[in-house]
Amino acid sequence: LKAASGTGKAAENPRFWRVYARFVRGTGQDSLELECARRALRCAQVGAWYSQEGPFKEAVACMELMANVYLREGSAQGLFSSQTTVAGAIRKSQDYLPSS
């Protein structure tokens, strides 16, 4: 993970971290997959991500990945964290994006 998280452009790309998380899922390392999903979300939530459709969709894809890991994990704390993250994104974006 340290080698992949260098300072290059790939480390700043949420899609990179989503793909890496899917790769890690195949190894059965849920904690590492969750860390990759969190990094993807952090990379996606830059600037005014909540006010533009493309960056918002990227952030939602990262949240979905994170939620799926938490669902497999089954912890109440993880599910609450995921729910809070999604609710916060919806609140933040509701003034900027259409509600359809």
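The values are calculated or read from the model by the stated rules, or taken from the named source; none is laboratory data. Since the structure is predicted, the reported quantities are computational estimates derived from the model, not experimental observations. Cβ placement follows ideal geometry from the backbone for every residue including glycine, while neighbour counts extend to all protein chains displayed. Each accessible area value is taken on the protein alone, full model and side chains, heavy atoms only, with ligands, DNA and RNA left out. Shrake-Rupley method; radii C 1.70, N 1.55, O 1.52, S 1.80 Å.
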Count of residues meeting criterion [modelled with pLDDT under 90 and either within 14 Å of Ala59 (Cβ to Cβ) or part of a helix (DSSP H, G or I) (or both)] in the stretch 72-93 | 1
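May I ask you to verify whether Ser82 is more than 14 Å from the chain's Cα centre (by Cα) and over 17 Å from Ala11 (Cα atoms)?
Criteria not met by Ser82.
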Please work out which residue is surrounded by the most Cβ atoms within 10 Å (Cβ to Cβ), limiting yourself to the stretch 13-61 and to residues that are among the acidic types (Asp, Glu) and in contact with a helix residue (DSSP H, G or I) (Cβ under 9 Å, 6 or more places away or on another chain).
-> Glu33
May I ask you to list pairs of residues, at least six apart or on different chains, whose Cβ atoms are under 7 Å apart, with the first in the stretch 13-38 being under 21 Å from Gln77 (Cα atoms) and free of Cβ contacts under 8 Å to residues at least 60 places away in the same chain and the second being among the hydrophobic types (A, V, I, L, M, F, W, C) and not in a helix (DSSP H, G or I)?
-> Leu32/Leu1; Glu35/Leu1
Please specify each residue of the stretch 62-96 satisfying the condition of being open to solvent by less than 30 Å² (accessible area, probe 1.4 Å) and under 16 Å from Tyr50 (Cα atoms).
-> Cys62, Met63, Gly88, Ala89, Ser93
